[in-house]
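In what follows, a single structure is set out as structure tokens and then discussed.
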Amino acid sequence: MNTYNNMHVLLLKGGSGYEREVSLNTAAECAKAIKQIGYKITEVDIADINITSLAKIKADLCFNALHGDCGEDGSIQGFLNLLKIPYTHSGVATSSIAMNKINFKRIITNATQFSDDPIHFPKTLPIIKKGKYLDVDHDGTFVVKPIKGGSSVGVNIIKQGNQIPNINKYIHNQLMAESYVGSTELTVTVLKEKPLCVTEITTNEEKDFYNYNAKYDQNGSFHVIPADIPKNIYNQAMTWALKAHQIIGCKGISRSDFRYDAIKGKLYMLELNTQPGMTKTSLSPEQALYCGLNMNDMIRTIIGEASYEC
């Protein structure tokens, strides 16, 4: 959509899920940029209102700063479609596909398997419930994580044995398991159909992997831009990020995460985020800045892609 002066932006934030804090931090940075651009803004925490009251807010568009359930799975997108309010980020089907890691893997694998450059994922492992334990059929290190969700909430690396205690922190979510691959964490942001760059992510010695604290604590992780990896792998990550973005129909922005196995010289895609974080420690604003775009430029571009689907 075309932006114009005196635009009124409705910014949605918060919610009541696991990623509430991330959403609030994202919203704070995005609100700052929206105000600096010169647009009027109304901020709404969806945990504090009846969602139907959004219809009474006479906004020109909605900036979706939500993360996780409701805001990232297609739910709020469907509601905004019915209200015919243009909104940022991806639509209903795209959001739903990306939120479900199993469905995303299947769609991307099927869409690229016969191409010249098929996208590879870590092997999905079967999980069997056995009384007090969840049993994973795999000999070696593997990863257990919620099928739906982001910010590495609920992700666990299992290094020894194949039984996981079937306790509350696991059974609240539908889980999946994957073989543990590679040693190098990579990510690529796509902004308006253009992959920005590849970042290599390392964590300090106290963190086993790029978990929630590594993502959002100050100095919790260290980002190398551009990633110090072979040129062909760098280009492949850029290509795969754009390809996945386009296959599922992302709008405005997405961020794809990868693992690189330097010994085998092989790249693996992990997932795609339709609502990448915009906090002070987030990767997408950092990548945009590396490419010469400040936060205001990035937010202006995302707003410029806002639309509804019906």
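No value in this document is a laboratory result; all are computed from the given coordinates. Since this is a predicted model, take the numbers as computed values, not measurements. Don't worry about glycine lacking a Cβ; one is built from the backbone with ideal geometry, like all the others, and counts go over all protein chains shown.
Annotations for the structure displayed:
- Straightening the chain between Leu289 and Asp137 buys 50.4 nm, computed as 0.36 nm per residue apart minus the Cα-Cα spacing.
- Modelled label reach - His8, point 7 Å along Cα→Cβ, region 37-54 residues with backbone N closer than 16 Å: 39-44, 53-54
- Rounded to the nearest 20 debye, the dipole size of the chain about its Cα centre is 460 debye, using +1 on the Cβ of Lys and Arg and -1 on the Cβ of Asp and Glu.
- Label-to-label distance, nm, for residues given as Ile147 and Ile263 (7 Å Cα→Cβ offset): 3.2
- Pair Asn296, Asn235: separation of 7 Å Cα→Cβ label points (nm): 3.7
- Candidate lysines - alpha carbon under 24 Å from Lys243, same-chain residues fewer than 8 apart omitted: Lys101, Lys105, Lys123, Lys148, Lys192, Lys194, Lys231, Lys251, Lys264, Lys266
- Once the chain from Val224 to Lys194 is taken as fully extended at 0.36 nm per residue, the excess over their C-alpha distance is 8.8 nm.
- With kT/(6 pi eta Rh) evaluated at 37 °C and eta = 0.692 mPa s, and Rh the Kirkwood radius from Cα pairs, region 1-58 diffuses with a coefficient of 266 µm²/s according to Stokes-Einstein.
- Rounded D (µm²/s) - the chain, Kirkwood Rh over Cα pairs, Stokes-Einstein at 20 °C, 1.002 mPa s: 107
- Point-to-point label distance, Ser53-Leu83, nm (Cα→Cβ direction, 7 Å offset): 1.2
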